[in-house]
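What follows is one structure encoded as structure tokens, with my remarks underneath.
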Amino acid sequence: MQGLESPLKQEDEEMLVPHSDLVVEGPQPMEVVAQVDPGSTAENQTVEDPPSMKFTWTIENFSRLNTRKHYSDVFAVGSYKWRILIFPKGNNVDHLSMYLDVADSAALPYGWSRYALFSLAVVNQIHSKYTLRKETQHQFNARESDWGFTSFMSLSDLYDPTRGYMVNDTVVVEAEVAVRKAVYHMPTTENDLPTASIPLALQSLFYKLQYNDSSVATKQLTKSFGWDTYDSFMQHDVQELNRVLCEKLEDKMKGTVVEGTIQQLFEGHHMNYIECINVDYKSTRKESFYDLQLDVKGCRDVYASFDKYVEVERLEGDNKYHAEEHGLQDAKKGVLFIDFPPVLQLQLKRFEYDFMRDTMVKINDRYEFPLQLDLDRENGKYLSPDADRSVRNLYTLHSVLVHSGGVHGGHYYAFIRPTLSDQWFKFDDERVTKEDIKRALEEQYGGEEELPQTNPGFNNTPFKFTKYSNAYMLVYIRESDKDKIICNVDEKDIAEHLRIRLKKEQEEKEDKRRYKAQAHLYTMIKVAREEDLAEQIGREIYFDLVDHDKVRSFRVQKQLPFTAFKEEVAKEFGIPVEYQRFWIWAKRQNHTYRPNRPLTSQEEAQPVGQLREVSNKSYNAELKLFLEVELGADLCPASPPEKTKEDILLFFKLYNPEKRELRYLGRLFVKSYGKPIEIISKLNEMAGFDPDEEIELYEEIKFEPGVMCEHLDKRTSFRMSQIEDGDIICFQKAPVESGGARYPDVPSFLEYVHNRQIVHFRSLERPKEDDFVLELSKLHNYDEVVERVARQVGLDDPSKIRLTSHNCYSQQPKPTPIKYRGVEHLVDMLVHYNQTSDILYYEVLDIPLPELQGLKNLKVAFHHATKDEVVIHNIRLPKQSTVGDVLDELKKKVELSHPDAELRLLEVFYHKIYKIFPPSEKIENINDQYWTLRAEEIPEEEKNLGPSDRLIHVYHFRKETAQNQTQVQNFGDPFFLVIHEGETLGEVKVRIQKKLQVSDEEFSKWHFAFLSMGRPEYLDDSEILSTRFQRRDVYGGWEQYLGLEHPDNAPKRSYTVNQVKYR
């Protein structure tokens, strides 16, 4: 590689400098040094490359530079930081040495790497065509953080004033850098988890797409940006997914070397403008976009949609524009594009709200889109005056996303041509098929399709049907950027730690697949030893003998003779074959698991696949064994004792009441006709007690659903006590009468262990953080639980504690608290459907819960008649009370405009009045969680309505444009207004202005409209309002109302909370 050098030695602390030993003679013009194998498959492509950038460095007083090395300023390409390094007098050669350097290499995370295609040049300032430029490419990393040309050009040529490279002692150097494969260069580390790191999840997904020979799951990726188990089952709109992914990636890239990549690829800008027609006034606002929402309805193709997008709207008549000092003016309003992005994403508005049907509908109309999209057409009609006309906005179609189905659900698939060749591919879940251009384009236009005629000879009218599969999203790539965006991905583009990690994942997956495929040929044998019992009992388990998932497992071919398996055990544990005796475990009817009997010599002669557990007559993929090893006097393995029918193998646990400690002690063979009293001295010896210590024995029988542990009579034979192989005997020193142990004997301790429950208590006001943790019993009743909580928070009256259960699915408190003594035990408080939680929420009430449960608490917002304020009151009354009782109680708390004022209670939701509550309505079923309860004085004019008067709803609103679609948004406080027969809007406006106390200047900007089903019809001052509002009934009046259109900039009412606190 002529003239190329890599940094190999540390010359000072600042950086690795290029190798200084090799001197290359002769000319060194470089073309692209290494050509990556282009490849043409879909898997070899990505569209994650930011554009390249040219950096110019003017070096003055060049001949007077004294330093051996000289750096340029830092510049960024794709948010990677770079600088140029030169050796003005050569790096141990008589040539100018020049390199591209990673400016922040010392600060980058361990294992970083980045790939760049770059050129370095010395500009000829006399004849630019003689500029000397050399290109190369390199994978930069911590060991090779700079790369370039040791012998870039001879110093004699550089310093020769006639050659044009140094003019007035000034040298001009250029670097052009294109950073590749942004996805693979997002910083990740070996310790990241794909489910918690979007960059790693995306890298993993891309790697698998490229190197897997089968379909790839996206679960890690969706989980990494917050769609967990519940969200995964929801059908998400693809536009939502696209936005979520871009937002999350953009956020995760901040502060990294790839910050800004998403913007560079997908971000364009348009200008919203309003230009007055009769005065010199223009208002503009620049906005960015990542995708464009294009109308389908009423548009035959993409160009028609763009025409509609930039269509000029006239603001005139009642809809004039307020142009600051110029007042209301006729104006033109529209949108023009400042620039388009390299990757243009077009979202087709296939779903719209149908006002007539009051529902969302899918637009299946025919809509065409071209293979090449020219957005410079008709002399750049879509472009703003500020647009850069030197950029050619000619785009090529890269992919078509199709939605098949209706408004309530459907299926997505895509047509993609990864290399922009003529070959299209259809990606439909795990199926990828080759398709032609007709399938990818014309068949996705939508519209209607004719069925072929069955009787061509007859003049039948062809049957047409609507196609419910049609294009929903289009992706275009700008022609001038496609070489930078559609590029090859080679293994060298992937960071080493990432390559190793992803390859390892692939190998592990392949191992699992092989393991699963061969599972029918193998048996898993789990061998429990006494060491396992001693290690687990009293620490990880208390009941039974061992957790089989935590013992040594052997994966053995089913055809392997058991004798050969014993050889493997001998190697693993160091127990000679002749000293091994294996017992087979059995699951008893009481659901305990115990060693049942030793394997016979006939069984040991069989292949392991033929061994069957006693409790299961079918062949098992898993076999559980207990390895009995007898130790001699020297503690070395010895031959196991001969076992007769009279010998019983028992296991012993020792309980210490003072320490609340249960531990495994060992095993013994006893005779079935023997009695426990005969082994007392042996048990005392094993426990380290005096030989004549008085001890009590208990048989551990079962622990599900409840604990059964019975006292064992020392003078009754084991046979009479129904003791058999594998039984567990627990013993302890005989309890002392005056002993203070909380759990004085084995049964009480095992009961405690079985039912103990650690509960995390959280204040209902702070539901995300634990306040304290208590160890309770699942059998504690309601009173015992609240008593412990009250003691913990220092409350004398436990009845003032109210508890709320935890919803395991939403990870939130349940909406309804637990009623006083409404559940029997703690375990009932913790169960949510089939899941058990360990979280409870508590609150401290100001009155006892039994008393509170007889009351209804309502949060009422009182709107003062004359003061611009709202006071929120908590009204607490018996549940059988009426709305009239609420208003009477409220009168005691609020300041009225006059003593005889009457109040009413309204239900307000999203700035609309939905109900006036009758005074006689019971309050028990009134819900104030989702709706606002508003109380106000009834105006005098409403009390004396004439026969022709109307009471109408009046709401504030503004129009908002989202995705090029205008919607009405209500805001502020709605109110009622009386209108009289023959009264004009102009007369009503006077009353409204006085009621709302709005200044003349501000009020002049307001527009008035009659709204029905959300559609405004603007009104003239001369219009008779009563002709619009014919209904006297105000119920359902929210459907028709007088709308006040103005900006939401009025001073907000001051809200005061005047409520009874629970604490």
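The values are calculated or read from the model by the stated rules, or taken from the named source; none is laboratory data. Bear in mind that the values here come from a model prediction, so they are computed numbers and not experimental data. Glycine gets a Cβ as well: all are built from the backbone with ideal geometry, and neighbour counts include every protein chain shown. Remember, those area values only see protein heavy atoms, side chains included, never the ligands or the DNA or RNA. Shrake-Rupley method; radii C 1.70, N 1.55, O 1.52, S 1.80 Å.
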With the condition kept exactly as written, say whether any residue in segment 393-403 is assigned by the TED database to the domain that holds Gly298 and either basic (Lys, Arg) or part of a loop (DSSP other than H, G, I, E, B) (or both).
yes
Search result, residues across segment 703-760 that are over 20 Å from Thr592 (Cβ atoms), aromatic (Phe, Trp, Tyr) and more than 53 Å from the chain's Cα centre (by Cα)
none
Counting only residues in segment 1035-1051 that are touching a Phe, Trp or Tyr at 6+ places or on another chain (Cβ under 7 Å) and either aromatic (Phe, Trp, Tyr) or over 13 Å from Val954 (Cβ atoms) (or both), the one modelled with the lowest pLDDT is identified as Trp1038
Top-ranked residue of segment 112-165 - restricted to ones that are among the aromatic types (Phe, Trp, Tyr), crowded, with 19+ Cβ neighbours inside 10 Å and in contact (Cβ under 8 Å) with a residue 40 or more places away in the chain, ranked as farthest from Phe75 (Cα to Cα):
Tyr165
Checking the condition at pLDDT 85 or above, open to solvent by 30 Å² or more (accessible area, probe 1.4 Å), small (Gly, Ala, Ser) and in the same structural domain as Val167 (by the TED database), which residue from Ser97, Ser63, Ser72 passes?
Ser63
Just checking, which of Tyr698, Tyr673, Tyr655 is in contact (Cβ under 8 Å) with a residue 24 or more places away in the chain, among the aromatic types (Phe, Trp, Tyr) and outside any strand (DSSP E or B)?
Tyr673
Subset of segment 260-298, residues of a type in the set (D, E, K, R) and under 25 Å from the mean Cα position of the chain (by Cα), comes to Glu267, Asp291
Single condition Asn925 does not satisfy, out of (1) open to solvent by 60 Å² or more (accessible area, probe 1.4 Å); (2) over 15 Å from Leu858 (Cα atoms); (3) assigned to a loop (DSSP other than H, G, I, E, B)
(2)
So, in segment 804-843, exactly how many residues are open to solvent by less than 20 Å² (accessible area, probe 1.4 Å) and in contact (Cβ under 8 Å) with a residue 40 or more places away in the chain?
8
Please report, ordered by residue number, the helices (runs of 4 or more DSSP H) entirely within segment 425-542 with at least 3 residues that are at pLDDT 85 or above and open to solvent by 60 Å² or more (accessible area, probe 1.4 Å).
437-440
Between a first residue in segment 578-590 that is modelled with pLDDT under 90 and a second residue that is among the acidic types (Asp, Glu), which pairs have beta carbons less than 7 Å apart while being 6 or more apart in sequence or on different chains?
Ala586/Glu613
For segment 636-666, which residues satisfy the criterion of being more than 29 Å from Tyr743 (Cα to Cα) and either open to solvent by 20 Å² or more (accessible area, probe 1.4 Å) or of a type in the set (D, E, K, R) (or both)?
Cys636, Pro637, Ala638, Ser639, Pro640, Pro641, Glu642, Lys643, Thr644, Lys645, Glu646, Asp647
Can you tell me which condition Ser305 does not meet? The list is (1) farther than 30 Å from Val279 by Cα; (2) surrounded by 14 or more Cβ atoms within 10 Å (Cβ to Cβ); (3) small (Gly, Ala, Ser); (4) in contact with a helix residue (DSSP H, G or I) (Cβ under 8 Å, 6 or more places away or on another chain), and all the others hold.
(4)
For segment 754-780: of the residues being assigned to a loop (DSSP other than H, G, I, E, B) and of a type in the set (Asp, Glu), which is surrounded by the most Cβ atoms within 10 Å (Cβ to Cβ)?
Asp771
When (1) buried (at least 19 other Cβ atoms within 10 Å of the Cβ); (2) in a strand (DSSP E or B) are applied to Tyr914, the one that fails is (1)
Every pair of residues 6+ apart whose Cβ atoms lie under 6 Å, when the first sits in segment 767-793 and is among the small types (Gly, Ala, Ser) while the second is open to solvent by less than 70 Å² (accessible area, probe 1.4 Å):
Ser777/Asn755; Ala790/Pro798; Ala790/Ile801
Residues located in segment 607-635, provided they are open to solvent by 60 Å² or more (accessible area, probe 1.4 Å) and at pLDDT 85 or above:
Leu631
Determine, yes or no, whether Leu803 is closer than 25 Å to Arg756 by Cβ and assigned to a strand (DSSP E or B).
yes
